[in-house]
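Okay, so here's the structure we're looking at.
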Amino acid sequence: MQTAEVVIIGGGIVGSSIAYHLTAAGCKDILVIERETAQGKGSTGKSMGGVRAQFSTPVNIQMSLYSIPFYASFDEQLGYPADYRPQGYLFCATNEKQLAYLRTNYNKQVEMGLKNVRLVSADEIRSLFPQLRADDIIGGSFCSTDGFVDPYSAMIGFMSWATDHGATLWKHTQVTTIRCDKRGLSEVETTRGPVSTRKVVNAAGPWAAEVASMAGVDLPVEPLRRMLVPTEPFDQFPHTAPMIIDMSNGFHFRPESLGFLLAWNDPEETPGFKSDFEASFIEKILTRAADRVPIFENLAVNPKRAWAGLYEMTPDHHPILGEVASVPGFFLANGFSGHGVMHAPATGKILSDLILTGKTNLVDASLLNVARFAEGRMIEETAVL
Ligand SMILES: Cc1cc2nc3c(=O)[nH]c(=O)nc-3n(C[C@H](O)[C@H](O)[C@H](O)COP(=O)(O)OP(=O)(O)OC[C@H]3O[C@@H](n4cnc5c(N)ncnc54)[C@H](O)[C@@H]3O)c2cc1C
């Protein structure tokens, strides 16, 4: 029978980063199992690729403080491109409550060691981007090391490095059953046959709850559709711009290729495995785009190029990481609530530490375990886009 020291279920960016970090730490006997014929068909291939450290909770800030420098040196360290572009994130506040919120977050971020974040005045925002309608903007915050990566390239880079150094990737193979004996986890059943192992990582993205249930674990991770609209080439707004967030309604956009990528979290969206792009979303988002950037009235959009993907949401918008106490050997790396690309490097490091040594210095891992829901220890993140 096939054996592996660690089996990782899911070959998206999270499973790939865990495979990289385990391999880099010296663990050679790793098997990644991916259901699709190619990597990237889950959330990773649908992502907007934003990376930021401007969060409100210490644990999310800590994860970014590891992940963003990691992306900055990715190409050099791994020999594969991640296409990190430090163009920043600019949050624009339109009322005092939002501004106070940004100030509180800024103080926390600086206290935790984030160097390039600063509060910006309304006048500075106006002079940087005169194209914005700024009559209601009263200030904001900007971090120059925030920016974008290419999620697909980063995922392939992580996995290629891992397989170059001894890890194995099975594509077109689905995990169907997880078996336990009295010592804990013992075997996974796949469409390619059984694999004997004592350690399994659930990195199944939006399908994580289904995989967890195979091990008898109730995982509060729900899929939630998100739609993105790329525009046709547009040169009346600078392509050096950061991700710009209109805090009045959550509309945000960033340069992408010769055009822009538009995003907005539709509050009417409901959980479920919905992956179709809905044409009516285009008008909703273009209305918000032209409201904040009047020249965006001239944007051209080809609906056929727009797409939808799934966020993997948890009740407190924080990931669920670490071993399940009731199933020794079963590890979770799930529920990134829209931040799985930016936090993939930290997740890989945390999981590798926990699997190989049982502890990690990167974060207080006990904050993120699945037991927090049953024990009422949720850690609400409000800076969710
Ligand atoms: C529109 C959109 C925009 C986003 N924007 C951002 C952003 O700007 N920044 C950011 O950080 N994050 C963003 N995200 C979130 C981010 O994309 C995800 O958090 C991240 O990709 C999750 O990676 P993953 O590897 O956990 O999941 P996935 O990429 O979904 O990978 C999971 C894999 O598991 C496989 N799998 C599932 N079940 C099985 C099984 N039984 N057997 C074998 N394989 C299985 C699937 O086929 C899949 O390939 C966005 C997401 C969407 C949808």
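The values are calculated or read from the model by the stated rules, or taken from the named source; none is laboratory data. Values in this document were obtained by computation on a predicted structure and should not be read as measured data. All Cβ positions, even for glycine, are placed from backbone atoms using ideal geometry, and neighbour counts span all protein chains on display. Keep in mind that these areas ignore ligands, DNA and RNA; they rest on the heavy atoms of the full protein, side chains included. Shrake-Rupley method; radii C 1.70, N 1.55, O 1.52, S 1.80 Å.
Report whether or not T177 is closer than 30 Å to G79 by Cα and open to solvent by 20 Å² or more (accessible area, probe 1.4 Å).
No, not satisfied.
May I ask you to verify whether E232 is within 30 Å of E375 (Cβ to Cβ) and either assigned to a loop (DSSP other than H, G, I, E, B) or open to solvent by 50 Å² or more (accessible area, probe 1.4 Å) (or both)?
In short, no.
Taking S213 as the residue in question, decide whether it is under 30 Å from V110 (Cα atoms) and open to solvent by 50 Å² or more (accessible area, probe 1.4 Å).
no
Collect the residues in segment 302-332 that are within 16 Å of the ligand (Cβ to nearest atom) and of a type in the set (A, V, I, L, M, F, W, C), keeping them in residue-number order.
The answer is A306, W307, A308, L310, M313, I320, L321, F330, F331, L332.
Quick check: anything in segment 200-214 away from the ligand (no atom under 12 Å from the Cβ) and either under 27 Å from G45 (Cα atoms) or not in a strand (DSSP E or B) (or both)?
No, there is no match, as no residue in segment 200-214 is away from the ligand (no atom under 12 Å from the Cβ) and either under 27 Å from G45 (Cα atoms) or not in a strand (DSSP E or B) (or both).
How about segment 180-189: which of its residues are farther than 12 Å from I33 by Cβ and surrounded by fewer than 21 Cβ atoms within 10 Å (Cβ to Cβ)?
Within segment 180-189, C180, D181, K182, R183, G184, S186, E187 meet the criteria.
Tell me, which residue of segment 17-39 that is more than 7 Å from the ligand (Cβ to nearest atom) and within 29 Å of W264 (Cα to Cα) is least open to solvent (accessible area, probe 1.4 Å)?
Among them, the one singled out is S17.
With the condition kept exactly as written, say whether any residue in segment 42-60 is over 30 Å from T176 (Cβ atoms), aliphatic (A, V, I, L, M), more than 9 Å from the ligand (Cβ to nearest atom) and at pLDDT 95 or above.
yes
Could you count how many residues in segment 316-350 are open to solvent by less than 10 Å² (accessible area, probe 1.4 Å) and of a type in the set (G, A, S)?
8
Could you name every one of the strands (runs of 3 or more DSSP E) located completely within segment 298-385 that has at least 3 residues being over 22 Å from A215 (Cβ atoms)?
The qualifying strands (runs of 3 or more DSSP E) are 307-313.
Could you check segment 150-171 and list, in sequence order, the residues that are touching a Phe, Trp or Tyr at 6+ places or on another chain (Cβ under 9 Å), within 15 Å of K28 (Cα to Cα) and open to solvent by 30 Å² or more (accessible area, probe 1.4 Å)?
W161, H165
Mind listing whichever residues of segment 6-28 are touching a strand residue (DSSP E or B) at 6+ places or on another chain (Cβ under 7 Å) and either among the aromatic types (F, W, Y) or part of a loop (DSSP other than H, G, I, E, B) (or both)?
Once the filter is applied, which keeps residues that are touching a strand residue (DSSP E or B) at 6+ places or on another chain (Cβ under 7 Å) and either among the aromatic types (F, W, Y) or part of a loop (DSSP other than H, G, I, E, B) (or both), segment 6-28 yields G11, C27.
Can you name the residue in segment 255-301 that is among the hydrophobic types (A, V, I, L, M, F, W, C) and open to solvent by 70 Å² or more (accessible area, probe 1.4 Å) and, of all such residues, is farthest from the ligand (Cβ to nearest atom)?
L258
Here's the yes/no breakdown for (1) touching a His at 6+ places or on another chain (Cβ under 6 Å); (2) of a type in the set (K, R); (3) over 24 Å from S160 (Cβ atoms):
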site: L31; (1), (2), (3): no, no, no
site: R35; (1), (2), (3): no, yes, no
site: F74; (1), (2), (3): no, no, no
site: C92; (1), (2), (3): no, no, yes
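Please go through (1) in a loop (DSSP other than H, G, I, E, B); (2) modelled with pLDDT of 95 or more for L261 and return the number of the only condition it doesn't satisfy.
(1)
Give the number of residues within segment 135-149 that are among the hydrophobic types (A, V, I, L, M, F, W, C) and open to solvent by 10 Å² or more (accessible area, probe 1.4 Å).
Qualifying residue count for the region: 2.
Pairs under 7 Å by beta carbon, first residue closer than 14 Å to A154 by Cα in segment 323-350, partner part of a loop (DSSP other than H, G, I, E, B) and of a type in the set (A, V, I, L, M), six or more apart or different chains?
That search, which allows pairs on different chains as well, returns V341/V149; A346/L362.
Please determine, by comparing only the residues of segment 302-315 that are surrounded by 20 or more Cβ atoms within 10 Å (Cβ to Cβ) and of a type outside the set (A, V, I, L, M), which one is nearest to K41 (Cα to Cα).
G309
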